[in-house]
Amino acid sequence: MHDLSYFRNNFDRIAERLATRGPMPQLDQFRELDQKRRAAIFQAEKLKERKNSTSTEFQKLKLAGADTTELQKESRALGEQITALDEQAKALDEPFRELLKGIPNLPHESVPIGKSEADNVEVRRCGQPPQFDFEPKAHWDLGPALGILDLERAAKITGARFALYWDMGAKLERALINFMLDVHSREHGYTEVLPPFMVNSQSLYGTGQLPKFKEDLFKCEGHDFWLIPTAEVPVTNIYRDETLEGDALPIQLCAYTPCFRSEAGSYGRDVRGIIRVHQFQKVELVKFTRPEQSYDELEKLTADAEDILRRLGLAYRTVVLSTGDMGFSSAKTYDIEVWLPGQNGYKEISSCSNYEAFQARRAGIRYRSGKKSEYAHTLNGSGLAVGRTWVAIVENYQQKDGSVVVPEALRPYLNEEVIRPRK
C-alpha cells in the first residue's frame, strides 16, 4: 500500500508512473476525492479566518460596552460550519485508504515500459536446450507411460487440474524439495522455516492478495482461514506488526509448502499436464531488507533461484517483466523460464520480486534505525516451483526408450540413476 500523504502530495508524478502499468480508473476517483477534500479544507480555513476576525471584533465591542448578541450568533454559526467541514475532510480519508488498497505498487525506474509479456526483456540465458535424435514427448505422455504420473485418478479423487504421483514420481518430487531446501539453507544462507499452510485474512491483506485477488484463493467455509497460494504469505507475515533490528537485516528465510490456487481467469491456458494446477509444491525464498539493500538483494535472490537450475543442468533464461506484466504488489520482477522440450519453449518456473515497502506498509513490518523506525523492504521468489522442475527433468532427461536419466545432483536423494517404466 502507498503512504497516503506522500501519494496525495505527489499525485501527478505517481499517476504518470502508474499509467505505465495500464489504465487506472482508481486514480480518477482519487483525484475527485482529493479535490472535494481540498475544497472542504480551503473553505474551512477561510471560515476560520473569518471566525478569528469575529473574535477580535467581539472583544472590541465588549470593551466598548456595545451589544454583541448578533456577533455571538455569527461566531457560533461559523464554528458549526467549520466543524462540519473538518469532519467532511476527515471522512474523506477513509475512502482514500480504500482506494489505495486497490492501487498497485509503483514500477521501479529500471523496469521496461510495456503493455504485456510481449514487452518483457531477456537479461540472460544459461545452458543449451538438449538435442534429441527422436521426437521428444511431453510430460503428460511420459509420466503415465513410466507409471509415475496419474492424472485420470487424480481427477476422480478431486477434479481437473490435480495430480497423483506414483512411486519414483512421488520420490522425485520429494527429492527436489529436499535438494532445494538443502542448497538454500546450507549454501545460500537462508534459514529454513515450516509455516502454517492456512492463513487469516489479515495475512493475505498484508502481502496484497486481498481484497483484489479474492477469486484466485480457496477459503475454508465458516472460518477465517484461507489455503495459501504461496509460502510468501505466511513467511512474510511472520514479522507482521513487528519492528526488526536494523543490524539484523537482511533476514533470509526459505520454506517448503504446498500451494493452492483457483486459477480464476486462466481457463484454456496450460490445460494439459501439471503446468497449471490447483495444488502444487513450491520452495519459497523471502527476504526482509533495508531500503538501500533491496535491489542488490533482489539480484542475489534471483541468482540463488537460478543456481538450482544450473545444478540440475537445465537450460533457462531470465527476463525482467515490463510494467504491463508485473504483479500487483511488485516494484520489479524477474521471471526465470526453464526450457521444456515437450512444449518446445521456455516456461516460467520462478518469479523473483522486490516489493519495496509496499507489503511492509500493509503488514506493519518496520525496522529500527537509530532512534527511529522505518518500513522494511520485502522480497520473495520461487526457489523453485517443484512441480514445474519435475516436468523439466522428465522432459529434458528423457531417453529414446522412454526412461528418464536422473540429474547427478539428485542421485544422492533418489539412490537411482535412471527412472524406468514401473512394472
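The values are calculated or read from the model by the stated rules, or taken from the named source; none is laboratory data. Remember, predicted model here, so these are calculated numbers, not experimental data. Virtual Cβ from ideal backbone geometry, glycine too; neighbours counted across all protein chains shown. Surface areas here come from the heavy atoms of the whole protein model, side chains and all, with no ligands, DNA or RNA. Shrake-Rupley method; radii C 1.70, N 1.55, O 1.52, S 1.80 Å.
For the chain, what does the helix formula give at 222 nm: sum of -39500 (n - 2.57) over DSSP H segments with n ≥ 4, over the residue count, nearest 500 deg cm²/dmol?
Details: 14 runs with 167 residues, N = 423.
Rounded to the nearest 500, the figure is -12000 deg cm²/dmol.
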Expressed in angstrom and rounded, the centroid-to-centroid distance over alpha carbons for the range 125-190 and the range 331-395 is 21
Take the Cα of Glu45, step 7 Å along the line toward its Cβ, and report every residue of the range 71-98 whose backbone nitrogen sits under 19 Å from that point. 79, 81-93
Among Lys48, Lys171, Lys73, which one shows the biggest mean-square fluctuation in a GNM of the chain, springs joining Cα atoms closer than 10 Å? Lys73
Heavy-atom accessible area of the chain with neighbours in place, 1.4 angstrom probe: carbon+sulfur share in percent works out to 48
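Once the Cβ-Cβ distance between Phe134 and Arg272 is put in as r, and R0 is 25 Å, what FRET efficiency do you end up with, to the nearest 0.05? Present the calculation step by step, with values, prior to reporting the outcome.
Working: r = 21 Å, r/R0 = 0.82.
So the FRET efficiency works out to roughly 0.75.
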Per the 1/(1 + (r/R0)^6) rule, R0 = 30 Å and r from the Cβ atoms of Asp28 and Lys212, FRET efficiency to 0.05 is 0.95
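Does the range 266-346 come out rounded, prolate or oblate by the C-alpha gyration tensor, with a ≥ b ≥ c the root eigenvalues, rounded set by a/c under 1.5 and, if not, prolate when a/b is larger than b/c and oblate if not? Before the final figure, lay out each step's value.
Details: a/c = 1.93, a/b = 1.47, b/c = 1.32.
Prolate, because a/c is 1.5 or more and a/b exceeds b/c.
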Plugging the Cβ-Cβ distance of Glu94 and Glu187 into 1/(1 + (r/R0)^6) at R0 = 45 Å yields, to the nearest 0.05, a FRET efficiency of 0.40
Rounded to the nearest 10 degrees, the helix 69-91 long axis (Cα) sits at an angle to the longest Cα principal axis of the chain of 0
Backbone HN-Hα couplings from phi across the range 352-364 [Karplus 6.51/-1.76/1.60, Hz, Gly and Pro as x]: 10, 10, 9, 9, 6, 9, 4, 6, 4, 5, 5, 9, x
If the chain between Ala15 and Gln35 were fully extended at 0.36 nm per residue, the gain over the current Cα-Cα distance would be 5.7 nm
Cα-based helix-to-principal-axis angle, 167-182 vs the chain, degrees rounded to 10: 50
Ranked packing of 251-263, 144-156, 279-291, most packed first, by mean Cβ within 10 Å: 279-291, 251-263, 144-156
